[in-house]
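Where a number appears in this text, it was derived from the coordinates with a stated rule and is not lab data. No experiment lies behind these values; they were computed from the predicted model shown. Methodologically, a virtual Cβ is constructed for each residue, glycine included, from the backbone with ideal geometry; neighbour enumeration extends over all protein chains shown.
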Amino acid sequence: MTATTATRPALQQTLFELTPDQAAQVREAASRITALPNEQADEFCRQALDASFDLPVELRKAVLNFSDVGSDTGIMVVRGLHVDEDLVDTPLSNSEGIGQRTEFVKEMGAIAHLLGTMVGYQAENGGRLIQDMVPNPKLAMTQQSQSSKVELEAHTEQCFSDLKPDYVILGALRGDPNAFTYCYAAHKFVEHFTEDELRQLREPRWMTQIDDSFKPYIPDPNAVRGPYPILTGPEDDPYILIDQDLMHGVTKDAQELLDKVVQTYVAHRDGHALQAGDMLMLDNPRAMHGRSQYTPRFDGKDRFIARGFVVRDRRRLWPWLLDDRRTVAAQYS
Ligand SMILES: [Fe+2]
């Protein structure tokens, strides 16, 4: 066999704005989905995959390119999706599972199934496939997704778990112009480190604790896992693992390097304020993320995000899924 040098396609542009015709085509394809994501998760995903074949060809090409080579920022945002006119007021907690009943979430599901397949995590909102992310007055100051008045610190999703998702998807039923989803692609981040620092970042020198929402389920909740490297993957397309809150270095040098990673993120990150009709896809191995603080009014019109998780291959999770074959059992996370 002779080796050929393949040229990598250009990175996907972050923002994909649907034309009115394309938006109508997405809405039409998604409208055929009848299953509810939280009550009939497997059927919802099957119908969403089916609908994904009828999405506009330009959208499909863009999402598949994002899946292949990633984007400049580590996220891709599809803008201009149809949001239900009869959307109810933003709830004050995620307990009711309101987002799953919208037409908008069906559009998200169809697009998500170009990337892989959706799964739930038992420790995240009880394993619901679609979770309501809303500002909860009781959790305003926490490091949880329902916080608002503090910045959500830099992390990659579920850094402590081998069962982490490949993508986090955030769909905005309502936005807030002051709430920024921060992201920072690993390929941009490495430009700010010396060769020696990059070599160290690829060594297993960081331990991590388990996230609070998973602890009640885990047999050994206070376990410290690791050591892990912060960087892995190809040099020209690196993967990153980080959590500002949960991770620490095994030596003073390693801790200082972790601090530099966080400072670099704060100085150079990209930010995107989700507006109604936006769907953001976050490339979890290729980018770290966080969220700015913002000030909710708790008046029913606050930011309302439908969140989901996508894995590229559900088979790798098989031994750790509940009987519904869609929910990762928290005890193994
Ligand atoms: Fe996150």
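Taking the charge dipole of the stretch 215-333 about its Cα centre, with +1 at Lys and Arg Cβ atoms and -1 at Asp and Glu Cβ atoms, the residue from VAL310, VAL266, LEU241 reaching farthest to the positive side is VAL310.
Relative contact order for the chain: what percent, with Cα pairs under 8 Å and sequence separation of 6 or more? Each step should come with its number before you reach the end.
Values: 711 pairs, mean separation 90.0, N = 333.
Once normalised by length, the contact order is 27 percent.
Backbone amide hydrogens, once placed in the peptide plane, bring PHE304 within less than 5 Å of LEU173, ARG174, GLY175, excluding anything fewer than 5 places away on its chain.
Reported to the nearest whole Å, the Cα centre-to-centre distance from the stretch 191-240 to the stretch 23-50 is 35.
Modelled label positions at ASP21 and LYS260, each set 7 Å beyond Cα in the direction of Cβ, lie 5.2 nm from each other. Note down the relative contact order for the stretch 207-333 as a percent, whole number, built from C-alpha pairs under 8 angstrom at least six residues apart. Reported as a whole number, the value is 24 percent. Along the stretch 87-93 the Karplus relation, 6.51 cos²θ - 1.76 cosθ + 1.60 evaluated at θ = phi - 60°, assigns HN-Hα couplings of 4, 6, 4, 4, x, 8, 8 Hz to successive residues, with x for each Gly and Pro.
Other residues within the sphere of radius under 11 Å centred on the Cβ of TRP206, judged by their own Cβ, net out at 0 (K and R +1, D and E -1).
Summing Lys, Arg as +1 and Asp, Glu as -1, what charge do residues with Cβ under 14 Å from the Cβ of MET76 carry, MET76 excluded? Before the final figure, lay out the partial values.
On the way: positive: ARG60, LYS61, ARG79, ARG286; negative: GLU17, GLU58, ASP68, ASP72, ASP166, ASP270, ASP278, ASP283.
Here the charged neighbours net out to -4.
Taking the Cβ of GLY249 as the centre, find all other residues whose Cβ is under 10 Å away and add up their charges (Lys, Arg: +1; Asp, Glu: -1). Around GLY249, the charge tally is -1.
Figure the gain on full extension for GLU39 and TRP318 (residue separation times 0.36 nm, minus the Cα-Cα span) and round it to one decimal in nm. Kindly include the intermediate steps, with their values, before the conclusion.
Values: separation 279, 0.36 × 279 = 100.44 nm, distance 2.00 nm.
98.4 nm is the gain from fully extending GLU39 to TRP318.
Have a look at LEU87, VAL105, VAL119 and report the one farthest towards the positive end of the charge dipole of the stretch 6-141, computed about the Cα centre with Cβ charges (Lys/Arg +1, Asp/Glu -1). The residue sitting farthest along the positive end of the dipole is VAL119.
With respect to the cross-link table entries LYS138/LYS252; LYS106/LYS188; LYS61/LYS164; LYS188/LYS252; LYS164/LYS260, which display a Cα-Cα separation exceeding 29 Å?
On the way: LYS138/LYS252 36 Å; LYS106/LYS188 33 Å; LYS61/LYS164 26 Å; LYS188/LYS252 25 Å; LYS164/LYS260 25 Å.
Over 29 Å apart, Cα to Cα: LYS138/LYS252; LYS106/LYS188.
For the chain, the Kirkwood radius over C-alpha pairs fed into Stokes-Einstein at 37 °C and 0.692 mPa s yields D = 161 µm² per second.
Over the chain, dividing the summed -39,500 (n - 2.57) contributions of all DSSP H runs of at least 4 residues by the number of residues returns a 222 nm mean residue ellipticity of -6500 deg cm²/dmol. Along the axis of the charge dipole computed for the stretch 102-194 (Cβ charges of +1 for Lys and Arg, -1 for Asp and Glu, origin at the Cα centre), the listed residues THR156, HIS192, LEU139 are led at the positive end by LEU139.
Note on the stretch 1-144: with charges restricted to the Cβ of Lys and Arg (+1) and Asp and Glu (-1), its dipole about the Cα centre is near 460 debye.
If you take the square roots of the eigenvalues of the alpha-carbon gyration tensor of the stretch 106-239 and sort them as a ≥ b ≥ c, do you get rounded (a/c under 1.5), prolate (a/b over b/c) or oblate?
On the way: a/c = 1.58, a/b = 1.34, b/c = 1.17.
Verdict is prolate for the stretch 106-239.
Just subtract the alpha-carbon distance of LYS252 and SER93 from 0.36 nm times their residue separation and send over the number in nm, one decimal.
On the way: separation 159, 0.36 × 159 = 57.24 nm, distance 4.03 nm.
Gain on stretching LYS252 to SER93: 53.2 nm.
Applied to the stretch 66-77, the Karplus parametrisation 6.51 cos²θ - 1.76 cosθ + 1.60 on θ = phi - 60° returns per-residue 3J(HN,Hα) values of 4, 5, 6, 10, x, 10, 4, 9, x, 10, 10, 10 Hz, with x for Gly and Pro.
Dipole size of the chain about its Cα centre, with +1 on Lys/Arg Cβ and -1 on Asp/Glu Cβ: approximately 300 debye, rounded to the nearest 20. Close amide H partners of ALA154, meaning residues 5 or more places away or on another chain with modelled amide H under 5 Å apart, are GLN244.
How do 298-307, 88-97, 108-117 rank on mean C-beta neighbours within 10 Å, highest first? Don't jump to the answer; show the numbers that get you there.
Values: 298-307: 18.7, 88-97: 16.0, 108-117: 23.8.
Sorting 298-307, 88-97, 108-117 by mean packing, highest first, produces 108-117, 298-307, 88-97.
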